[in-house]
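**Student:** Got a structure for you, questions after.
The values are calculated or read from the model by the stated rules, or taken from the named source; none is laboratory data. From a predicted model like this one, the values you see are computed outputs, not experimental measurements. Cβ coordinates were reconstructed from backbone atoms using ideal geometry, including for glycine residues, and neighbour counts include every protein chain displayed.
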Amino acid sequence: MSREEFWEIVERVHYQSDGDMDKKCELLEPELGRLDPSQIEAWNRHFWSLMKEANSYEMWGVAAIYGESSSYDTFQDFRSSLISCGRKFFEPVLRDADNLADYDGNSYLAEEGYQYVAARVYEQRTGDEIPLDLPEQQGPSGEHWTQDDLAKRFPRTAARYGYRT
């Protein structure tokens, strides 16, 4: 499965879900269920590769502004939710995290669930846990921030979501 095919599935599910994460997860299951196990593995590798690409302090900073939480669990849910909205939104935010200010979707971007669908479908199909062979990342890339820095580093996102230190 190519990354293009990955994004086609993500975007098809997103546009059918009306931004509802529970519905996205419900719609993603049969989409992945139509694939053979090796394609489900490939879809999952693309997903976790994107999660790793988005594992930066810049992304964490805008996630903290958006979700009013700086916990790592919320940041993981944020990255997963961001991917679930599709390439047209994910890639600009990945290039410049302050582009989160342009988000006008109806999805809440810190919901848990999407990141577990492929593993669940794979296990239902095969009876085994899904393999994941991505290299480990020690932590977020980029420059760490403090709560006082966020509005200066991400001014558009801070203004959009009413963030004040």
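**Student:** Residues in region 63-81: is at least one in contact (Cβ under 8 Å) with a residue 40 or more places away in the chain, of a type in the set (Ser, Thr, Tyr) and either surrounded by 19 or more Cβ atoms within 10 Å (Cβ to Cβ) or at positive phi (or both)?
**Tutor:** Within region 63-81 (the criterion being in contact (Cβ under 8 Å) with a residue 40 or more places away in the chain, of a type in the set (Ser, Thr, Tyr) and either surrounded by 19 or more Cβ atoms within 10 Å (Cβ to Cβ) or at positive phi (or both)), the answer is yes, since at least one residue qualifies.
**Student:** Related question: Would you say residue 35 is at pLDDT 95 or above, of a type in the set (A, V, I, L, M), part of a helix (DSSP H, G or I) and surrounded by 15 or more Cβ atoms within 10 Å (Cβ to Cβ)? Working first, answer last.
**Tutor:** Working: at pLDDT 95 or above: yes; of a type in the set (A, V, I, L, M): yes; part of a helix (DSSP H, G or I): no; surrounded by 15 or more Cβ atoms within 10 Å (Cβ to Cβ): yes.
It is false that residue 35 is at pLDDT 95 or above, of a type in the set (A, V, I, L, M), part of a helix (DSSP H, G or I) and surrounded by 15 or more Cβ atoms within 10 Å (Cβ to Cβ).
**Student:** Separate question: Would you point out which residue out of 114, 108, 163 is of a type in the set (Ser, Thr, Tyr), under 18 Å from residue 67 (Cβ atoms), surrounded by 14 or more Cβ atoms within 10 Å (Cβ to Cβ) and more than 21 Å from the chain's Cα centre (by Cα)?
**Tutor:** Numbers: 114 fails: more than 21 Å from the chain's Cα centre (by Cα); 108 fails: more than 21 Å from the chain's Cα centre (by Cα).
Step by step, each of 114, 108, 163 is checked, and only 163 is of a type in the set (Ser, Thr, Tyr), under 18 Å from residue 67 (Cβ atoms), surrounded by 14 or more Cβ atoms within 10 Å (Cβ to Cβ) and more than 21 Å from the chain's Cα centre (by Cα).
**Student:** Taking residue 140 as meeting all but one of (1) touching a strand residue (DSSP E or B) at 6+ places or on another chain (Cβ under 6 Å); (2) at pLDDT 95 or above; (3) not charged (D, E, K, R), write down the number of the exception.
**Tutor:** Result: residue 140 passes all but (2).
**Student:** Just one of (1) surrounded by 11 or more Cβ atoms within 10 Å (Cβ to Cβ); (2) closer than 19 Å to residue 68 by Cβ trips up residue 120, so point out which.
**Tutor:** (2)
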